[in-house]
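Chemist: Sharing a structure here in structure tokens format.
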Amino acid sequence: RFTLNRHAAVYGWENAPDQTGSKRPDPDTPIDGLYIAGSWTAPGAGFLRAVGSGVRTAELALSRTGSEATIPRFMSAA
């Protein structure tokens, strides 16, 4: 009720094989300069994936603007 998500859908789309990972929208949109992030987008549901989605989207936006700013790494590559 606080986020106004339909039927309190906290994880976005159904967490089913046909609606996870690469089957969710990418951060890039057809509208120039508009990017999306969160558990409704790739890579999927859950707060860690939403954080990863935000980092990925921020990196994309920064690279498109030619910015040399960096984003702190919260997750290490294994």
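The values are calculated or read from the model by the stated rules, or taken from the named source; none is laboratory data. Note that the structure is a prediction, hence the values are computed from the model and not measured. Every residue, glycine as well, gets a Cβ built from its backbone with ideal geometry; the counts of neighbours run over all protein chains shown. For the accessible areas, the whole protein counts, side chains as well, though only heavy atoms, and no ligand, DNA or RNA atoms are used. Shrake-Rupley method; radii C 1.70, N 1.55, O 1.52, S 1.80 Å.
Chemist: For segment 1-50, which residues satisfy the criterion of being at pLDDT below 80, among the polar types (S, T, N, Q) and either open to solvent by 80 Å² or more (accessible area, probe 1.4 Å) or in contact with a helix residue (DSSP H, G or I) (Cβ under 8 Å, 6 or more places away or on another chain) (or both)?
Modeler: Result: 3, 15.
Chemist: Additional query: Is there any pair linking a residue in segment 24-41 that is at positive phi to one that is surrounded by 13 or more Cβ atoms within 10 Å (Cβ to Cβ) and not in a loop (DSSP other than H, G, I, E, B), with Cβ under 7 Å and at least six apart or on different chains, and which?
Modeler: Qualifying pairs under 7 Å: 38/50; 38/53.
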